[in-house]
Each structure stands twice: as C-alpha cells, then as structure tokens.
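Coordinate-derived values only; no laboratory data. Please read all numbers here as calculations on a predicted model, not as lab measurements. Quick reminder, even Gly has a Cβ in these numbers, built from the backbone with ideal geometry, and neighbours come from all protein chains shown.
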Amino acid sequence: MTPITDIDHTKSKTTHEVLRLIPYSIFAIGIGSDEAVSTALIASWVMQCSFNPPRVAVAIRKDSNSHQLMSEENRFTVNLLSKHQTDLARILVKPHDRDEEKMTHVPHTLNAAGVPVIKEALAYLDCQTVDTVDAGDHSIFIGEVLESHQIDDGDVLTCDQIGWTYAG
Ligand SMILES: Cc1cc2nc3c(=O)[nH]c(=O)nc-3n(C[C@H](O)[C@H](O)[C@H](O)COP(=O)(O)O)c2cc1C
C-alpha cells in the first residue's frame, strides 16, 4: 500500500511492532459451572463493547483449554487483578495441560452460577455469554454484564508492570 505522503514515515514499524504498542491490562477470566468444571486464565484482550446493555468482549485463543470450556458454558467472570497480584497471574497464565490443578493454588470462590471469582481481585464482572464471533485464531465471546462488584481500591495490573506482551 502507498504510504500517506504528508506523514513522516521514517520511524515506520512493522504491523507486529505497531500492534504491540496497544496498551493492555491483565485480567483473570473465570469459567465454569461448579468446582469440578472450573478454571481461569489470564487474558488481556478484554474490552467493553456496549453501554446499553452493558457488554464486554473477551478474545480467547482457540487452542486453549479455556476455549473449549467457554464454548460449553454460558457464564464467565472478568476479574480485575491488582498490581499486587503478579504471583497469582503467574499461576493462571500456565496452560491447563501443564498444570491441571492450577486453580487449587489460587484463592477463589464460586458465584451463584458456579463460576470462579478471584479473591482479592479489585473488582469483577459476572457475565452471560450472548454471542460468539470467530475472529481468526481466537474467538470473541460477548458477555452481558449481569452483576458487577468492586472489592477493593487500587490500580489494575498492566502488561507493562509485569513485563508481559500479548500482541503483535
Ligand atoms: C500478557 C498475556 C495476555 C494474554 N491474553 C490472552 C487473551 O486475551 N486471550 C487468550 O486466550 N489467551 C491469552 N493469554 C494466554 C493464556 O493466558 C494462556 O494461553 C493460558 O495458558 C491459557 O490457559 P488454559 O490452558 O487454562 O486455557 C495471555 C497471556 C499473556 C502472558
């Protein structure tokens, strides 16, 4: 494609590099319907996608254990982790195949629908999946926010703080 001539492109980067400039935070997505069928993973590709009704979009990679569970269950939680929860993030980022017991190391409780809520998260959204969109190597799960709770004050954990990148 021809570059726009009245913009200085001398600092031009690859698509991979430009996509990595988008700032992200670290969320824990809880999925399940009871203790036996419950898990959580770290996700950054989370955003609000509707004011009314309040909805969020979460992109989940198709090759993950979480994707299968998200497709089977219709409820999930979006847990906003605090900047002090880096140890917990390191546990939840592990693939299920490498640590099937990862939830046993993570202080959590189940909401009324049996979906994990991370204790000591700053806040969480209780969501019901209303649509799923095929986005390529991820699916976007659109969740309607049924309830939301703030548990604590503080700053959310960002990718910059923990030094992780998931983009590009
Ligand atoms: C900073 C960061 C952000 C991530 N964001 C996402 C995301 O938005 N969606 C996703 O599916 N995986 C994301 N991942 C990868 C998952 O956390 C990882 O594949 C995890 O092991 C999946 O867990 P599971 O095997 O229990 O499904 C991210 C990883 C990191 C390090």
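A cut-off of 5 Å between modelled amide H atoms, ignoring neighbours fewer than 5 places along the same chain, links residue 154 with no other residue.
Relative contact order, whole percent, for the stretch 81-131 stands at 33, derived from Cα pairs under 8 Å and 6 or more residues apart. Annotation for residue 72 and residue 49: the two label points, set 7 Å from Cα along the Cα-Cβ direction, are 2.3 nm apart.
Placing R0 at 22 angstrom, the Cβ-Cβ distance between residue 35 and residue 152 gives a FRET efficiency of 0.35 after rounding to 0.05. Coupling constants for the stretch 129-134 follow from the phi torsions by the Karplus curve (6.51 cos²θ - 1.76 cosθ + 1.60, θ = phi - 60°), and in residue order they are 5, 10, 6, 9, 10, 6 Hz; glycine and proline get x. Panel order for 55, 61, by other beta carbons found within 10 Å of each beta carbon, from fewest to most: 61, 55. Here the Karplus curve 6.51 cos²θ - 1.76 cosθ + 1.60, taken at θ = phi - 60°, turns the phi angles of the stretch 68-81 into couplings of 4, 5, 4, 6, 8, 9, 10, 10, 8, 10, 10, 9, 8, 7 Hz, with x standing for Gly and Pro.
When the Gaussian network model of the chain links Cα atoms closer than 10 Å, the mean-square fluctuations of 143, 154, 114 top out at 154.
Helical content of the chain, expressed as a calculated mean residue ellipticity at 222 nm, amounts to -3000 deg cm²/dmol (DSSP H runs of 4 or more residues, -39,500 (n - 2.57) each, divided by residue number, nearest 500). Per-residue Karplus couplings for the stretch 151-168, computed as 6.51 cos²θ - 1.76 cosθ + 1.60 with θ equal to phi - 60°, are listed in order as 9, 8, 8, x, 9, 6, 6, 10, 4, 4, 4, 8, x, 10, 10, 9, 5, x Hz, Gly and Pro entered as x. Here the Gaussian network model covers the chain, with springs between Cα atoms less than 10 Å apart; of 139, 12, 33, 12 fluctuates the most.
Relative contact order of the chain, taken over Cα pairs closer than 8 Å and 6 or more residues apart, is 29 percent.
A quarter of the convex hull surface defined by the alpha-carbon atoms of the chain gives 11.8 nm² as the mean projection. Would you look at the GNM of the chain, springs on alpha carbons closer than 10 Å, and say which of 47, 103, 70 moves the most? So, out of 47, 103, 70, the one fluctuating most is 47. Computed from the C-beta positions of residue 166 and residue 13, the FRET efficiency with R₀ = 22 Å rounds to 0.80. Put simply, the amide H of residue 49, placed in the peptide plane, has neighbours under 5 Å in 55, 56, 57, leaving out anything fewer than 5 places away on its chain. Each Lys and Arg Cβ is given +1 and each Asp and Glu Cβ -1; about its Cα centre, the chain then shows a dipole of about 380 debye.
Only one residue of 109, 24, 145 has its Cα farthest out toward the positive end of the dipole of the chain, where Lys and Arg carry +1 and Asp and Glu -1 on Cβ, and that residue is 24.
Charge tally around residue 82: other residues with Cβ under 10 Å, Lys/Arg +1 each, Asp/Glu -1 each, net -3. About the centre of its Cα atoms, the stretch 28-125 shows a dipole size close to 420 debye [charges on the beta carbon of Lys, Arg (+1) and Asp, Glu (-1) only; nearest 20 debye].
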